[in-house]
1. Pop out the carbon and sulfur fraction of the accessible area of the protein assembly as shown as a percent, whole number, probe 1.4 Å.
2. Kindly tabulate the residues in region B:40-55 with an accessible-area decrease of at least 20 Å² between the chain alone and the assembly of all protein chains, using a probe of 1.4 Å.
3. Which value, to two decimals, describes the C-alpha radius of gyration of the protein assembly as shown once divided by 2.2 N^0.38 Å?
4. I need the phi-derived Karplus couplings for region B:13-22: 6.51 cos²θ - 1.76 cosθ + 1.60, θ = phi - 60°, integer Hz, Gly and Pro marked x.
5. For the protein assembly as shown, what is the accessible area per residue in Å², given a 1.4 Å probe and the full set of protein chains?
6. Given chain A, what count of lysine pairs have C-alpha atoms under 28 Å apart, with each pair 8 or more places apart or on different chains?
7. Taking the Cα centroid of region B:66-104 and of region A:29-86, what is the distance between the two, rounded to the nearest whole Å?
Amino acid sequence: QQQVKQSPQSLIVQKGGISIINCAYENTAFDYFPWYQQFPGKGPALLIAIRPDVSEKKEGRFTISFNKSAKQFSLHIMDSQPGDSATYFCAASRGGFQKLVFGTGTRLLVSP
Amino acid sequence: GAVVSQHPSRVICKSGTSVKIECRSLDFQATTMFWYRQFPKQSLMLMATSNEGSKATYEQGVEKDKFLINHASLTLSTLTVTSAHPEDSSFYICSTLTGGDTQYFGPGTRLTVL
């Protein structure tokens, strides 16, 4: 029940296309859902995060869609660029200084 | 976001020696820090939660006598890998909490045990 399932494991998108990564969770106590971007040999960097009281959040080219009833959330990267090529992790926590549970990661490659 | 540093960025040591990794919160006081381990092409695995002024809380399966955590100040937490072995070779990453939920991660430390 503590798991966060992430798909796909890898993704190839053409430059300018839309990258979509999906995550699903079981624990209904989760109330904070961040996405992190990680480049090889670097620590994860927070991209965008959402709470269950909204269904969508957009920051620049990055959008999180959240479906509370389905217990699913997804990251959409619009106008994908080669510089977006990285590993993306979804995560969830119960909030209030609680630890994060990470998804398994998605390796995104944006072809020029 | 918060700025977190780690030192060293890379370390190579011989089997049986101990290695200390520092995690610093540069621009705010962090009462809680987390330590993660990440093997190649895998996700982050939480090892322990480090609380300033108290004992760390370890995740199930993590040996607390092998991975010593000290959080002596609001800006510094250290992870010491004692009697390191090749299977301890990994990428170790710390994070700090701000505002209750948001975790900011350090750049990571690559440990190689020969």
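The values are calculated or read from the model by the stated rules, or taken from the named source; none is laboratory data. Note that the structure is a prediction, hence the values are computed from the model and not measured. All accessible areas refer to the heavy atoms of the entire protein, side chains included, with ligands and DNA or RNA removed. Shrake-Rupley method; radii C 1.70, N 1.55, O 1.52, S 1.80 Å.
1. On the way: 5530 of 11090 Å².
Carbon with sulfur: 50 percent of the solvent-accessible area.
2. SASA drop of 20 Å² or more in region B:40-55: B:Lys41, B:Ser43, B:Leu44, B:Leu46.
3. Working: Rg = 17.7 Å, N = 226, 2.2 N^0.38 = 17.3 Å.
Cα Rg divided by the expected 2.2 N^0.38 Å: 1.02.
4. Whole-Hz 3J(HN,Hα) from phi for region B:13-22: 9, 8, 4, x, 8, 10, 10, 10, 10, 9.
5. Working: 11090 Å² over 226 residues.
About 49 Å² of surface per residue is accessible.
6. Counting lysine pairs in chain A gives 21.
7. 25 Å
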